């Protein structure tokens, strides 16, 4: 089994890393966090100009026609730089429109996604509902009624891709956040990102698809994308910790030379490698049309449970420096926590794997 990136995937990784490393600095992040908008528009515009936002969109709609493995490299670069941009919801909502929606809808929306002028978000989570494939929101007479939570960029999005039930079938629908019947209530995630509760009362909607399994199709790809972002987060946190412990002197020698520190970080190296392996396996299977349900759950377990271990060890090895807001590590820890719990943390993934194993 060889998950070495091919030439195209490596090019996406290198270009995304170059752009985001150049644009996303500690000073820029502090400026955004102190402002009114959790969105680096300059970085977004640079990614669009380079063609990266549309990397997984077909060339006929202005994209590059690459697969989910290439998109995973872009998401990984976002995690490594903790870039506040709507990359995951926009690219995966676009993927759903391209794959599951009609050509007319794709032609209307996807070119704007590729050039960066159209922002999309996804609304699939509901209160006290672990079964994302069977939403409580309902569609009747071309309008949707229901409530969604933890919706990113709902205030800035041109369209929300919403899961709902119509005539007993779960499907995906487009809703414009500014339309009548849509109310947004702001909250705050653990990574200090505004997230929104969306209440819809007979809000106008456009059907993308009501095909069987469409919501599950989207959720699987969202989870795999979260794993790719988490991979970037944990790789960067581990690198920061290795650099810090190499430079930090105690008792006349670098902290990294102490056996306990060396062993702790070696364990985290293995954890990051596990996140990388399982994430790439899930993305590859999804890209090639191979069933990836179990592999996505396994990857999300690693990107939750083992990623938490990386965060704890990174903070521990940094000591007091790790919680200083003048030092970058705290942002990686906050992102780690947000990603760990998004769309089901480790215990939930184990329950899903166990249920599949126990099924006749």
Unique residue being in contact (Cβ under 8 Å) with a residue 12 or more places away in the chain, surrounded by fewer than 18 Cβ atoms within 10 Å (Cβ to Cβ) and more than 27 Å from residue 13 (Cα to Cα) when the list is 256, 242:
256
Filter the stretch 131-150 down to residues that are at negative phi, over 18 Å from the mean Cα position of the chain (by Cα) and outside any strand (DSSP E or B) and give me whichever is surrounded by the most Cβ atoms within 10 Å (Cβ to Cβ).
137
If residue 217 meets every condition in (1) modelled with pLDDT of 95 or more; (2) farther than 29 Å from residue 288 by Cβ apart from one, which number is that one?
(2)
Just checking, how many residues over the stretch 118-138 are closer than 16 Å to residue 62 by Cβ and free of Cβ contacts under 8 Å to residues at least 12 places away in the same chain?
0
Return the only residue of 68, 74 being in contact (Cβ under 8 Å) with a residue 60 or more places away in the chain, in contact with a helix residue (DSSP H, G or I) (Cβ under 6 Å, 6 or more places away or on another chain) and within 16 Å of residue 217 (Cβ to Cβ).
68
Can you find a residue in the stretch 105-126 that is surrounded by fewer than 17 Cβ atoms within 10 Å (Cβ to Cβ) and within 26 Å of residue 22 (Cβ to Cβ)?
yes
Among the candidates 283, 265, single out the residue that is touching a helix residue (DSSP H, G or I) at 6+ places or on another chain (Cβ under 7 Å), at negative phi, modelled with pLDDT under 95 and not assigned by TED's automatic domain parsing to the domain that holds residue 96.
265
Among the numbered conditions (1) assigned to a helix (DSSP H, G or I); (2) surrounded by fewer than 19 Cβ atoms within 10 Å (Cβ to Cβ); (3) in contact with a helix residue (DSSP H, G or I) (Cβ under 8 Å, 6 or more places away or on another chain), tell me where residue 190 comes up short.
(1)
Looking at the stretch 298-328 only, could you name the residues that are more than 19 Å from the chain's Cα centre (by Cα), in a helix (DSSP H, G or I) and surrounded by fewer than 24 Cβ atoms within 10 Å (Cβ to Cβ)?
309, 312, 313, 315, 316, 318, 319, 320, 321, 322, 323
Odd one out for residue 285 among (1) in contact (Cβ under 8 Å) with a residue 60 or more places away in the chain; (2) closer than 26 Å to residue 171 by Cα; (3) crowded, with 19+ Cβ neighbours inside 10 Å
(1)
Check on residue 180, outside any strand (DSSP E or B) and assigned by TED's automatic domain parsing to the domain that holds residue 50:
no
Please specify each residue of the stretch 259-280 satisfying the condition of being farther than 15 Å from residue 230 by Cα and in contact (Cβ under 8 Å) with a residue 40 or more places away in the chain.
261, 264, 265, 267
Could you please let me know if residue 342 is in contact with a helix residue (DSSP H, G or I) (Cβ under 6 Å, 6 or more places away or on another chain) and over 22 Å from residue 264 (Cβ atoms)?
yes
Of the numbered conditions (1) surrounded by fewer than 19 Cβ atoms within 10 Å (Cβ to Cβ); (2) under 21 Å from residue 356 (Cα atoms), residue 277 satisfies every one except a single condition; which is it?
(2)
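The values are calculated or read from the model by the stated rules, or taken from the named source; none is laboratory data. What you are looking at is a predicted structure, and each value in this text was computed from that prediction instead of being measured. Glycine also receives a Cβ, built like all others from the backbone with ideal geometry; neighbour counts cover every protein chain displayed.
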